[in-house]
């Protein structure tokens with residue numbers, strides 16, 4: 001008896017939405033390893049389903065890039081898991097989610113998940129990862145001021161922005177942070193940032209590997225600058241760093257120490273959490 005293979009799905013995306021395929025590919029490479037630091041069978045499934053020249057476009061991954069991507073993603077997973085432990089029926093809002101498969105890694109069976117992304121990215125996600133009863137897709141740019149109106153904040157909100165903010169202009173990043181802080185009091189936002197030197201390289205077209213040219217990343221933030229994020233809005237309360245944990249082989253042994261040494265300690269990629277001020281108590 002011949003088993004019919006699922007029909008391949010074509011992914012034809014613009015430059016920035018295409019970055020979702022880059023992260024998906026490296027996550028899947030890591031997930032295939034028996035000693036993986038981030039089990040992610042859904043990512044492996046998607047790479048096999050999408051008709052796209054992943055290795056030709058993004059190059060062979062000998063294990064380092066995949067592991068570093070997985071350790072970054074695990075920072076987000078920990079923050080989401082902690083949020084759901086505090087607010088089991090809370091809402092996770094994923095900005096620019098692309099083909100992230102976090103729902104299948106950390107969902108608790110009770111939370112609400114909302115993805116806000118460009119229409120072309122939402123259309124592809126809907127084909128590959130059709131939303132379930134507790135998942136909702138919003139086809140809007142994250143810079144559209146109207147998307148927060150579609151979020152119910154009554155049970156707590158955590159906003160994630162993986163691999164997103166660096167593709168926005170600095171004023172757009174500031175406005176987005178302020179909008180989230182002011183519209184979701186008591187909530188939090190977790191996002192990653194590239195350092196300024198990396199941003200400059202992308203703006204001059206010097207970030208290229210194999211057949212792939214990384215899109216320009218107008219916004220960069222050195223890790224040592226994160227305290228300045230509080231100036232985006234008075235509603236931004238605590239600002240904290242989320243460091244990678246675990247790791248395999250030399251990466252696991254050296255990374256925790258490397259991240260504390262200058263100049264890398266202050267000029268490195270970072271994952272940051274912003275905790276928003278709550279509503280004032282009534283007298």
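The values are calculated or read from the model by the stated rules, or taken from the named source; none is laboratory data. Values in this document were obtained by computation on a predicted structure and should not be read as measured data. Every residue, glycine as well, gets a Cβ built from its backbone with ideal geometry; the counts of neighbours run over all protein chains shown.
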From 275, 192, residue being assigned to a strand (DSSP E or B), farther than 25 Å from residue 15 by Cβ and touching a residue at least 60 places away in the same chain (Cβ under 8 Å): 275
Leading residue by the ranking (surrounded by the most Cβ atoms within 10 Å (Cβ to Cβ)) among those in region 165-181 that are out of contact with any helix residue (DSSP H, G or I) (no Cβ under 9 Å at 6 or more places or on another chain) and in a helix (DSSP H, G or I): 170
Flag if residue 142 is surrounded by 16 or more Cβ atoms within 10 Å (Cβ to Cβ), part of a loop (DSSP other than H, G, I, E, B), without any contact (Cβ under 8 Å) to a residue 60 or more places away in the chain and in contact with a strand residue (DSSP E or B) (Cβ under 9 Å, 6 or more places away or on another chain): yes
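Pick from region 223-252 the residues that are in a loop (DSSP other than H, G, I, E, B) and over 20 Å from the mean Cα position of the chain (by Cα): which of them is nearest to residue 73 (Cα to Cα)?
Let us first name the residues in region 223-252 that are in a loop (DSSP other than H, G, I, E, B), namely 233-235, 242-248.
Then drop every residue that is not over 20 Å from the mean Cα position of the chain (by Cα), which leaves 233-235, 248.
On the way: 233: 27, 234: 29, 235: 27, 248: 15 Å.
Residue satisfying both the conditions and the ranking: 248.
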Residues within region 195-206 that are under 20 Å from the mean Cα position of the chain (by Cα) and either farther than 18 Å from residue 173 by Cα or crowded, with 16+ Cβ neighbours inside 10 Å (or both), tallied: 4
In region 112-131, residue farthest from residue 147 (Cα to Cα) [restricted to those that are under 17 Å from the mean Cα position of the chain (by Cα) and part of a loop (DSSP other than H, G, I, E, B)]: 129
Number of the exception - residue 161 against (1) over 15 Å from the mean Cα position of the chain (by Cα); (2) under 18 Å from residue 112 (Cβ atoms); (3) crowded, with 16+ Cβ neighbours inside 10 Å: (1)
Entirely in region 1-98, the helices (runs of 4 or more DSSP H) that have 2 or more residues that are modelled with pLDDT of 95 or more and either under 15 Å from the mean Cα position of the chain (by Cα) or closer than 18 Å to residue 269 by Cβ (or both): 15-31, 64-86
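Residues checked against (1) farther than 27 Å from residue 210 by Cα; (2) surrounded by fewer than 17 Cβ atoms within 10 Å (Cβ to Cβ):
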| residue | (1), (2) |
| --- | --- |
| 33 | no, yes |
| 38 | no, no |
| 50 | no, no |
| 73 | no, no |
| 110 | yes, yes |
| 115 | yes, no |
